[in-house]
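Take a look at the structure set out below.
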Amino acid sequence: MADDTGRRERGKQLKRERIFAAARDLFDEFGYAGVTTQQVADRADVAVGTVFRYAATKAELLLMVRNEDVRHAVRRGLDEAGAVADATEAVQTALRPLFDTAAQRAADAAVYQRELMFGDANDPYRADGLAVVAELEDGIARILTGGRQSAAARSAARAIFACAHIVLVRPSGGERFDTTDLPRQIAQIVAGYRAGAADTAAHPTAN
């Protein structure tokens with residue numbers, strides 16, 4: 001019985017890996033808009049119903065595939081930011097790999113961001129993607145505080161990601177992918193956070 005269960009689980013894992021690889025290859029080749037779930041099933045050599053056991057929609061397939069890319073970009077950015085002394089420049093460094101990854105397929109990145117914000121609340125791949133966003137925001141907050149955590153730093157980090165999200169999602173409305181104004185926005189948020197932190201330090205009992 002245990003051997004049968006183990007074989008079934010291994011079979012499920014192999015199918016998931018084939019579906020993941022097929023979806024990744026097809027999205028890379030044709031973009032999200034140019035791919036159907038039937039094509040993913042054909043490339044993975046499974047029935048389309050099998051695909052839906054692992055991802056209920058094409059959007060979930062995109063989340064399943066791109067979560068790994070985004071997680072890698074976020075962790076690389078935060079690691080590189082650790083070598084940058086200035087907080088504003090460090091935040092920009094932390095975000096750079098995310099934007100470099102998104103720029104390769106801006107339209108797909110926009111769909112990914114839209115699904116993160118407004119997708120099915122019960123989708124485990126969406127939950128996984130939101131966990132990556134939380135990891136990024138936590139890392140940005142630690143950059144602002146020098147390694148500590150604070151409510152003000154977390155609020156500033158969320159504001160910074162909100163600005164980043166707007167840049168990433170714009171191509172879904174037909175606008176071009178453009179990060180030109182983002183450094184100024186980041187600098188303003190960091191300056192506002194620093195001013196608030198300085199005021200709190202100067203008047204600790206009033207805050």
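Quick note: the coordinates plus some simple rules give every number you see, no bench work behind them. Remember, predicted model here, so these are calculated numbers, not experimental data. For neighbour counting, all protein chains shown are included, and Cβ atoms are generated from backbone atoms with ideal geometry for every residue, glycine included.
How charged is the neighbourhood of residue 187? Take every other residue with its Cβ under 13 Å from the Cβ of residue 187, and add Lys/Arg as +1 and Asp/Glu as -1. Could you put the intermediate results ahead of the total?
Values: positive: 184, 194; negative: 86, 89, 181.
Here the charged neighbours net out to -1.
Between helix 87-104 and the chain, what is the angle of the helix's C-alpha long axis to the longest principal axis, kept within 0 to 90° and rounded to the nearest 10?
Tilt relative to the chain: about 20 degrees.
To test your reading of the geometry: what angle, between 0 and 90 degrees and rounded to tens, separates the Cα axis of helix 106-118 from the longest principal axis of the chain?
80
For every helix of n ≥ 4 consecutive DSSP H residues, a contribution of -39,500 (n - 2.57) applies; sum these over the chain, divide by its total residues, and give [θ] at 222 nm rounded to the nearest 500 deg cm²/dmol.
Values: 9 runs with 161 residues, N = 207.
Mean residue ellipticity at 222 nm (helix-derived): -26500 deg cm²/dmol.
How would you classify the range 16-67 from its alpha-carbon gyration tensor, with a ≥ b ≥ c the square roots of the eigenvalues: rounded for a/c under 1.5, else prolate if a/b is greater than b/c, otherwise oblate?
Values: a/c = 1.43, a/b = 1.23, b/c = 1.16.
The shape class here is rounded.
For volume of the Cα convex hull per residue in Å³, several values are listed as [x] 130; [y] 261; [z] 156; flag the one computed from this structure.
Given [x] 130; [y] 261; [z] 156, the structure-derived one carries the label [z].
Given points 7 Å out from each Cα along the Cα-Cβ axis, report the residue 33 to residue 194 separation in nanometres with one decimal.
Once both label points are built, they end up 4.2 nm from each other.
Under a plain spin-label model, where a point goes 7 Å from the Cα along Cα-to-Cβ, how far apart in nm are residue 107 and residue 162?
3.0
Could I have the simple spin-label model distance between residue 25 and residue 45, label points 7 Å from Cα toward Cβ, reported in nm to one decimal?
Each label point lies 7 Å from its Cα, and together they span 1.0 nm.
For Cα pairs less than 8 Å apart in space and 6+ apart in sequence, what is the mean separation divided by the residue count of the range 1-54, i.e. the relative contact order in percent? Display every interim value, and only then the final one.
Details: 29 pairs, mean separation 17.2, N = 54.
Relative CO of the range 1-54 lands at 32 percent.
At a 10 Å Cβ-Cβ cut-off, how would you order 118, 30, fewest neighbours first? Could the numbers behind the result be given before it?
Numbers: 118 9, 30 12.
Ranking 118, 30 by Cβ neighbours within 10 Å, fewest first, gives 118, 30.
Measuring from a point 7 Å past the Cα of residue 155 along Cα-to-C-beta, which residues in the range 162-203 have an amide N at less than 13 Å?
Correct set: 192-200.
Under the Karplus relation 6.51 cos²θ - 1.76 cosθ + 1.60, θ = phi - 60°, what is the ordered set of whole-Hz ³J(HN,Hα) values for the range 22-39, x standing for Gly and Pro?
Rounded to whole hertz, the list is 5, 5, 4, 4, 5, 5, 5, 6, 10, x, 4, 5, x, 10, 10, 5, 5, 5.
Between residue 80 and residue 53, what is 0.36 nm times their sequence separation minus the Cα-Cα distance? Round to one decimal in nm. Intermediate results must be reported in sequence, preceding the final value.
On the way: separation 27, 0.36 × 27 = 9.72 nm, distance 3.79 nm.
Extra length available between residue 80 and residue 53 comes to 5.9 nm.
Got a sec? Charge dipole of the chain, +1 on Cβ for Lys and Arg, -1 for Asp and Glu; which of 144, 101, 191 is way out at the positive end?
Ranked along the dipole, the leading option is 144.
How would you rank 74, 65, going from fewest to most other Cβ atoms within 10 Å of each one's own Cβ? Mind dumping the intermediate values first?
Working: 74 21, 65 25.
Result, fewest neighbours first: 74, 65.
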